[in-house]
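Here the structure comes first, spelled out in structure tokens, and everything after it is commentary.
Read-outs: derived from the displayed coordinates by stated rules, not from any lab. These numbers come from a predicted model, not from an experiment. Virtual Cβ from ideal backbone geometry, glycine too; neighbours counted across all protein chains shown.
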Amino acid sequence: MPELTTPLFVAAGFVGVGWLIAHAGREYTDAIRHTLTVFALAFGLLVTIGVTAKLRAGLGVGRMSHRVEARSQIERPAPVKPR
């Protein structure tokens with residue numbers, strides 16, 4: 001999918017939900033409140049996941065530094081023989 005497809009779908013979803021909320025009657029107040037709560041929780045979860053991933057990438061968490069160490073132990077220089 002192109003890069004702009006996902007933001008357009010998200011924007012259309014928000015506009016659709018906003019339209020439904022604007023045209024809902026008083027009897028749907030509870031359902032609207034619960035819907036907005038679910039949207040807020042999902043958005044908060046996505047933001048938390050994004051920030052955590054950005055921090056992990058920035059700090060280098062999850063990189064395989066043990067492989068570099070293991071490789072350096074394998075490639076030891078040969079001992080120098082006295083003449």
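Stretched out fully, how many nm does the piece from L36 to T5 gain, at 0.36 nm a residue minus the Cα gap? Can you show the working numbers first?
On the way: separation 31, 0.36 × 31 = 11.16 nm, distance 2.35 nm.
Working it through step by step, the gained length comes to 8.8 nm.
Could you tell me the calculated FRET efficiency between A12 and L55, based on Cβ-Cβ distance and R0 = 30 angstrom, to the nearest 0.05?
Calculated transfer efficiency: 0.45.
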